[in-house]
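Worksheet: the structure to be examined is printed underneath.
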Amino acid sequence: MPIDVAAVVVTYNSENHIDQLLDSIPAAAGGLSYSVVVVDNGSVDGTLDRLGLRSDCIVVPSTNRGYAAGMNTAVDTSPDAEAILILNPDATLDPDCIPRMLDVLRKPGNGIVAPRVREADGRLSPTLRRGPTLGRVGGLSFTGLPAFTERIEDPREYETEHEVEWAVGAILLVSGECYRAMDGLDESYFLYSEETDLSLRAKDAGWATVYTPDAGAVHIGGGSGESSTTHTMKILNRVRLYRRRRGPFLASVYFGMTVLVEFRRAILGHDKSWPTARALLQPSRRPPALGASRTLIPR
C-alpha cells in the first residue's frame, strides 16, 4: 500500500549535519505516513558510523556516482509514495512542514513544492530562481532587475504562495507521478543544475513548481563545501542546461558570456574562477565525471 511521503537524502561527508535532519523529520511529518532512505555517496568521514546508530532510516552505501544518481537510487529503494521529499543533509524541517507542503502539492497542476527556507541565523534564504537567459548569465545581478537577475532577492516575493520557474533543491516536495514522468533527476549533470532541469522539464510537461510560505525549514548550505572542481561543475552545467534547452547557436553566445564572467570574477579575487575559466576554454581540464570534455561548448 502506498505511503504519503518518501523522504530521500544523499550524504557525502555529512556527519556534522545528518542527525539534525533525521531528528527533525518525525515532527515535520505530522500525522503522515512516511519512509526515509539515505544514500551515502562514498563518505570518508564518520557519516556512515552516525547512520549506523540509527533505526529510523534505510541506509544505502554507494560510490559517488553523483547527486542525481544518488537521489534516483534513494527513490528506487523507497516504498511507493504519493510524494517524494528531496532533502539535503544540512537541512532541518519545521514541525508540520511536510503536510503543509503536501496540501499545496495536491492542488491541480502542481508537481513540485518549495518551502520558505531560513539561514542558520534565522534570516530568509533567497531560494527562488528565475530561468536561465542570456541576460542572466552573470555580472549584472547588482542591478536587481529581473531581466539580469536569476536569484530572487525581494522579500515580498516570499510572502505569498505562487508559481516559480525553479527553486534551490535543498528541500523540495515532488509529486511521485511527476518524478516518474520525468524519469527522475538527470544523472548526466552529476552535481548542480539537476533541480533546475527537473523543474523546467516538469513545466514543459504541464507540472508547476510552486513556492509556499506556510511551510518552513532551515538550510545551512555548503555542508560538503565547495572546491574549484565543484565550482567548475556548477558553471559547466549551467552552460549544458542552456544548450539542451536553447540549442547550439544561442548556447555559443551563452558560453562566451560565461567565459567573460568567470575571468572577471577571477580578476576580482574569486580564486575558484581561474580553474573554471581554464576548464571552459580547455575541455581536457573539465571534471571527467561530467562527460563534457569532447566539445568546446559542453553538451
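Every read-out reported here was derived from the displayed coordinates using simple, explicitly stated rules and does not represent laboratory data. On a predicted model such as this, the values are computed, not experimentally measured, just so you know. Virtual Cβ from ideal backbone geometry, glycine too; neighbours counted across all protein chains shown.
Details
- Of all beta bridges that DSSP places with both ends in region 3-219, some 40 percent have antiparallel geometry.
- Leading residue at positive end of dipole, the chain (Cβ point charges), from Pro287, His17, Leu124: Pro287
- The charge dipole of region 3-219, taken about its Cα centre with unit charges on the Cβ atoms of Lys, Arg (+1), Asp and Glu (-1) only, comes to about 380 debye.
- Of the peptides 273-281, 243-251, 154-162, the order by per-residue mean of other Cβ atoms within 10 Å, starting with the highest, comes out as 273-281, 243-251, 154-162.
- Listed residues Phe190, Phe255, Phe148, most fluctuating in the chain (Gaussian network, C-alpha, under 10 Å): Phe148
- Region 39-138, relative contact order [Cα under 8 Å, separation at least 6], %: 16 percent
- Overall, the ratio between the Cα radius of gyration of the chain and 2.2 N^0.38 Å, rounded to two decimals, is 0.98.
- Backbone phi angles across region 183-199, fed through the Karplus curve with coefficients 6.51, -1.76 and 1.60 (θ = phi - 60°), yield HN-Hα couplings of 6, x, 6, 6, 6, 5, 6, 6, 8, 6, 6, 5, 6, 4, 4, 4, 5 Hz in residue order; Gly and Pro are listed as x.
- Its residue count N sets the reference 2.2 N^0.38 Å, and the alpha-carbon radius of gyration of region 228-290 equals 1.06 times that reference.
- Averaging the sequence gap over all C-alpha pairs within less than 8 Å and six or more residues apart, then dividing by the number of residues, gives the chain a relative contact order of 19 percent.
- Dividing the summed helix terms, -39500 (n - 2.57) for each DSSP H run of n ≥ 4, by the number of residues in the chain produces a 222 nm estimate of -10500 deg cm²/dmol to the nearest 500.
- Ranking Ala83, Ala202, Ser175 by how far each Cα lies toward the positive end of the dipole of region 70-217 (charges on Cβ) leaves Ala202 at the top.
- Within-13-Å neighbourhood charge of Ala217 [Cβ basis; K, R +1; D, E -1]: -2
- Separation of region 1-61 from region 175-248 is 21 Å, based on Cα centroids.
- Across region 80-95, computed HN-Hα scalar couplings (Karplus, 6.51 cos²θ - 1.76 cosθ + 1.60, θ = phi - 60°) run 4, 9, 5, 9, 10, 9, 7, 10, 7, x, 9, 10, 9, 10, 6, x Hz from first to last residue, x flagging Gly and Pro.
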